[in-house]
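Chemist: Structure below; questions to follow.
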Amino acid sequence: MSRARSRTLLVVGGTAVIALGAGIFAGTRITSPADAIARTAAPEASEVTVPVEARTLNSEVVTRGDVTAAGAVDVTPETGGLETPPIVTGQVPEVGAEIAEGAALLEIVGRPLIALAGELPMYRSLRPGMSGPDVEQLEVTLDRLGLDPGKVDDEYTMSTGNAVAELFERIGYEPPAPDPQAQAELDAANDAVDQAEDVVEDAEDAVDDAGSAPPDAPVDEDALDDALDDAREQLAEARTARDEAAAAAGTPLPASEVVFVPSLPRRVDEVHVRRGGQVDGAVMSVSGASLVVTANVDEADHELLAVDQAVSIELPTGELVPGTITGIAEAEGDGATGWDVAVTPGELTPEQAEALRGQNVRLTVPIESTEGDVLAVPLAALTAGPGGETRVEVMRDGAPELVEVEVGLTAEGYAEVTAVDDTLEAGDLVVVGDGGDDSGDGSDE
């Protein structure tokens, strides 16, 4: 056999061996449809379980609210009664300053503009002898500041004037001067009292002299006594007139030296004047220094809330500060729904107040707590029995067991549970779902 023929047989034989091996390998990789389905079928369903936990449950309402201050108010002094141009001479505040009640907001022509809290504006100057609701508002304010206006009513008396004088003295200013005419009448009344006292003294001397007169000099003692009585009566009348004049000449309250705003303290938001400038309209705008957070809640949360409940307010920095619910009212306005809840923050540092102002913040209102660890399971673990009882399904030695429970506080997706027969402990596995049952037949056992 030639060498070429031998080489050809070797090539053909090698090719056949390779083809046979490839066929065998391919045969091991061919899968029937039935085998494919069997290999890709889902595993047998098993229950999804979680352990019973010992934990503290806290029920709370969590919402968000907008931080605002009391509405801005323009401060406009009443300068119409001034005899000179209303030039600002001092006490100009800076933006951000806090204005307290009884303090000077500004100084105009050397006199203070004092801030007081009240609904009625200072629409007229007040003085002794006047009466009205503005007088009553003033006396209420003076009394609140610890100044004694006498009986708090709608009558401006000398006591009211004395309290006004003390208000000015507290901040280092002379009290307003009395009305010039009233002062002139008081001066005349004082002179009349002095003259009446001199007449009484002369009449008393005449009576004394009559008692020591010699017998040969007859004196009409009855006439002298009558003259003394008349003098004393005139003195009493002069003193009464003097007291009335003194009351009328008591310390007044000029309209240009006081401004009433709805509430105090307040924060200065804008200043429209400068020292040396002239007042022409509003001198500044002030808003409430105390902040309020207003949240809107639905009916379900509203039923859980009440005035005076404690609130936790989260600052934009993450810091928590306390607050209190101070008002709950049904939301008003076009499209309004739910309930508006007003929360007043507790005492804040200046930095905290600035961090809160104008922000939208998270509010947490604690409602109820277990006050310690209790047995708790996810709400999904609870099922209802045929008699309406509540149960959990506990896995014991690989088999499920229904345990009747009493449910306490529910919060945070969990329920406080107590086994009726005391067979439930922390760590026990309870069923919360079936890992493979998508039938949705709702069967219970």
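The values are calculated or read from the model by the stated rules, or taken from the named source; none is laboratory data. Here the structure is a predicted model, which is why all the values come from computation and not from measurement. Using ideal geometry, Cβ is built from the backbone for each residue, glycine included, and neighbour counts are taken over all protein chains shown.
Chemist: Return the only residue of Thr418, Thr390 being over 30 Å from Ala295 (Cα atoms), loosely packed, with under 14 Cβ neighbours inside 10 Å and in the same structural domain as Val52 (by TED's automatic domain parsing).
Modeler: On the way: Thr390 fails: loosely packed, with under 14 Cβ neighbours inside 10 Å.
Only one candidate passes the filter, namely Thr418.
Chemist: Out of the range 200-221, which residues are more than 18 Å from Asn190 (Cβ to Cβ) and at pLDDT 85 or above?
Modeler: Result: Asp202, Ala203, Glu204, Asp205, Ala206, Val207, Asp208.
Chemist: While we're looking at this one, here's another question. Of (1) modelled with pLDDT under 95; (2) of a type in the set (A, V, I, L, M); (3) within 15 Å of Glu47 (Cβ to Cβ), Val392 satisfies all except one. Which?
Modeler: Unmet for Val392, out of (1) modelled with pLDDT under 95; (2) of a type in the set (A, V, I, L, M); (3) within 15 Å of Glu47 (Cβ to Cβ): (1).
Chemist: Please pick out the residue among Val297, Val273 that is over 30 Å from Val61 (Cα atoms) and surrounded by 15 or more Cβ atoms within 10 Å (Cβ to Cβ). Walk me through it before giving the result.
Modeler: Working: Val297 fails: over 30 Å from Val61 (Cα atoms).
Of Val297, Val273, the one residue that is over 30 Å from Val61 (Cα atoms) and surrounded by 15 or more Cβ atoms within 10 Å (Cβ to Cβ) is Val273.
Let's see how each residue does on (1) modelled with pLDDT under 95; (2) small (Gly, Ala, Ser); (3) assigned by TED's automatic domain parsing to the domain that holds Leu348; (4) over 22 Å from the mean Cα position of the chain (by Cα):
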| position | (1), (2), (3), (4) |
| --- | --- |
| Arg64 | no, no, no, no |
| Ala70 | yes, yes, no, no |
| Pro77 | no, no, no, yes |
| Gly80 | yes, yes, no, yes |
| Ile87 | no, no, no, yes |
| Pro93 | no, no, no, yes |
| Ile99 | yes, no, no, no |
| Ala103 | no, yes, no, yes |
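Chemist: Would you check which residues across the range 322-364 are among the basic types (Lys, Arg) and more than 21 Å from Asp308 (Cβ to Cβ) and list them?
Modeler: So the first thing to find is which residues in the range 322-364 are among the basic types (Lys, Arg), and the list is 357, 362.
The answer is Arg357, and nothing else.
Chemist: List pairs: first in the range 97-123 and among the aromatic types (Phe, Trp, Tyr), second not in a strand (DSSP E or B), Cβ under 8 Å, 6+ apart or cross-chain?
Modeler: Listed by first residue and then by second, the contacts come to Tyr123/Glu78; Tyr123/Asp134; Tyr123/Ala255.
Chemist: Keeping to the range 256-277, report how many residues are outside any loop (DSSP other than H, G, I, E, B) and more than 21 Å from the chain's Cα centre (by Cα).
Modeler: Total satisfying the criteria: 7.
Chemist: For the range 361-382, which residues satisfy the criterion of being over 30 Å from Thr68 (Cα atoms) and among the charged types (D, E, K, R)? Even if it seems obvious, please write down each step before you answer.
Modeler: Narrowing the range 361-382 to residues over 30 Å from Thr68 (Cα atoms): 369-382.
Glu371, Asp373 - these are the residues of the range 361-382 that are over 30 Å from Thr68 (Cα atoms) and among the charged types (D, E, K, R).
Chemist: Residue check: is Arg266 buried (at least 18 other Cβ atoms within 10 Å of the Cβ), at negative phi and modelled with pLDDT under 95?
Modeler: When the stated conditions are applied, Arg266 passes them.
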